[in-house]
Every structure is written in structure tokens, then in C-alpha cells.
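A.B. asks: Before anything else, here's the structure in question.
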Amino acid sequence: MIRLRRIDTVAAAASKFAGMLMAVLIGLSLLGAASYGRIRFGKRPEAPAAGPNATRAQDVPQPLGVEIPPRVVNYTYEVINSWPHDPQAFTQGLVYYQGYLYESTGLNGASSLRKVDLQTGQVLNKVDVSSDFFAEGLAIHNGQAIQLTWVTKQGFIYDLASFGLLRTFTYTGEGWGLTQDGRSLIMSDGTDQIRFLNPDTFQVERAIQVRDGSVPVTRLNELEYVDGEIFANIWLTDSIVRINPQSGNITGWIDLTGLLSPEDRRGPVDVLNGIAYDSARSRLFVTGKLWPKLFEIKLKLKRGAAHRASS
């Protein structure tokens, strides 16, 4: 009898424990279903308030040596307008300012500074540069036209209204492209480097190396400052790159293949070179050396519009 009672007691305890376990499991099941329902239908449970020692996502250390390359956008173009351009102009610098184009043309014996009517291509004012110099990039700053030369390390400053020569200045390295951002002159020299110069002393304030990911991009030629970015022709190509002026990272490639028609290439044309921007009306102008036309273009995303920067 004692043994039977002991067995009955054990059985009762086991039955009671099984009942309690079943209740817990049912409760957990219902709680899980409720949470699933709130997430499934867009009502995610609120996260607990972060305490003073909470770890934020941006505080979590990333694996060493792992860096996600920046996105680089690829563009093509749409032609909005085209106008005549002097086919004898070996375009090295181009600026749109107060309704007119200003152009620096190169080649020893053919270099000049010009003021040009946009729609007709007519040269309204011109000053020739000595045949000792091969003129290059051009910028307008503080009512003056500033012009580089290629290998002679000398630049010219003109009064913008009269084209009278005010003074000269010197710099190191070659002179290729020139633009300005309202604070500094921005200069290329055919390498992957872009220098920022003080517009009064022409001393280098800082420099950036232009990269597509980790790959240097060289032959940076004519420059234009466009809405906070630097646009640069790549010499001997139909490409323009968009450059972050702080980091030097390329943010976009613009492919202008086919811009000049086969008919317009019958003459002795040279490469794409020359970028100007009308900031008031957001118009982008491009041309080339000895090209018979100047174009207003609109950028369009290219198929496969973005890629990761090269590594």
C-alpha cells in the first residue's frame, strides 16, 4: 500500500508538471504569433529606449581592411542646342560669363584670348598671345581674365572689359586647365593632381589627387566648376569626369562619344576640350579643339548607370 501511494504521488506530480509546461508553451506560442503579426503587417515593436551606454550602429567597429568603394554614376547626353564655333580655334579654356563665351585658344603662333557671341560664334573681342607661348586654361575672377600657358610656367591677367594686359604671374609645373569656385583658382597640370591657388598670390593652398576608387585618373585637362563639383575633360578621350573637390573622388563619368557628327569631322578636328556652365540657367556647354560647333547638352543616366569605383 505504501508503494502504491508513492507511485500515485509521483504520477500526480508528473501530471501537474506536464500541465504547467503545456501552459508555458501555449503562452509563448501566442506571444510569438502576436509579435509576428505586428512585424508582418508593418507594426514592428518599438525598440527600447537607448541608455547612456547603448551601442549605436555607427559605433560598431568595421572589419579591418574592408572598405566599400563609392558609387560612381555613368552618364550619356542629349543635345539641346548647337551653335557655330570657329574651326580655327584650338580650344584650351572656355568660360560662360554674363551672356558671352570667353575662350582661350592654344598653339604657338595661334594662341589668343577671345570674347565670343554664343549663338553666332562671332568673335567680338580678341587679343593675340605672343608666339613664345602656348595658351591654355582660362578663368574669370574679380573682373579679370586669368590665362595659363602650357610649359612656360607663366600666366597672364587681363582686364575683362578691355582685354588690356594687367600683369603676369608664375607657377610650377605645366599649365592645363583652370577654373574657380569663388574662393580659389583651381588648376590642372595633366597629371592626377588638381591644385587650389590663392587668386591674389597664386600660391598653392591645397591639392587633391583625383581617383576612381584607388586608381589615379591622369590627363585632367580643361576644367569647369559646376554646382559644387569640378568637371574635367580627360585628354585624348570623349570623356568628362565629375570630381568631388574635397576628396578628389570621381563621382561620375560622362561619355560624349558621337557628339560631333561624321560630317563635322571632315575638317581637321582635334579632341573634345572645353566646358562652360551657365549657372543662372543651368546650361552646360561643350566643344573641342578645331571643332566647327559648340553644343549645349543635358546629362542623362546611362544604362547600367552606376558602378562601384575601381579598386
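A.B. asks: Could you give me the ³J(HN,Hα) list for the range 112-122, computed from phi with Karplus coefficients 6.51, -1.76, 1.60 and θ = phi - 60°, whole Hz, x at Gly and Pro?
C.D. replies: Residue by residue, the range 112-122 yields 7, 10, 9, 10, 10, 6, 4, 7, 9, x, 5 Hz.
A.B. asks: Separate question: Can you compute 3J(HN,Hα) from phi for each residue in the range 80-86, using the Karplus curve 6.51 cos²θ - 1.76 cosθ + 1.60 with θ = phi - 60°, rounded to whole Hz and x for Gly and Pro?
C.D. replies: For the range 80-86, the Karplus curve yields 8, 8, 9, 9, x, 9, 4 Hz.
A.B. asks: Which pairs, out of LYS115/LYS302; LYS153/LYS302; LYS126/LYS302; LYS153/LYS300; LYS115/LYS298, put more than 30 Å between their alpha-carbon atoms? Each step should come with its number before you reach the end.
C.D. replies: Details: LYS115/LYS302 34 Å; LYS153/LYS302 39 Å; LYS126/LYS302 39 Å; LYS153/LYS300 38 Å; LYS115/LYS298 24 Å.
The answer is LYS115/LYS302; LYS153/LYS302; LYS126/LYS302; LYS153/LYS300.
A.B. asks: Using the Kirkwood formula over every pair of different C-alpha atoms, what hydrodynamic radius in Å results for the range 205-290? The partial results should precede the final answer.
C.D. replies: Details: mean 1/r = 0.0722 Å⁻¹.
Averaging 1/r across every pair of different Cα atoms and inverting gives 13.8 Å.
A.B. asks: What is the set of long-range amide H partners of LEU118 at a cut-off below 5 Å, with H atoms built 1.01 Å from backbone N?
C.D. replies: LEU101
A.B. asks: Need one word for the range 71-308: rounded, prolate or oblate. Basis is the Cα gyration tensor (sqrt eigenvalues a ≥ b ≥ c); a/c below 1.5 gives rounded, then a/b vs b/c decides.
C.D. replies: Note, shape of the range 71-308 comes out oblate.
None of the figures in this text is laboratory data; all of them are computed from the coordinates on show. What you are looking at is a predicted structure, and each value in this text was computed from that prediction instead of being measured.
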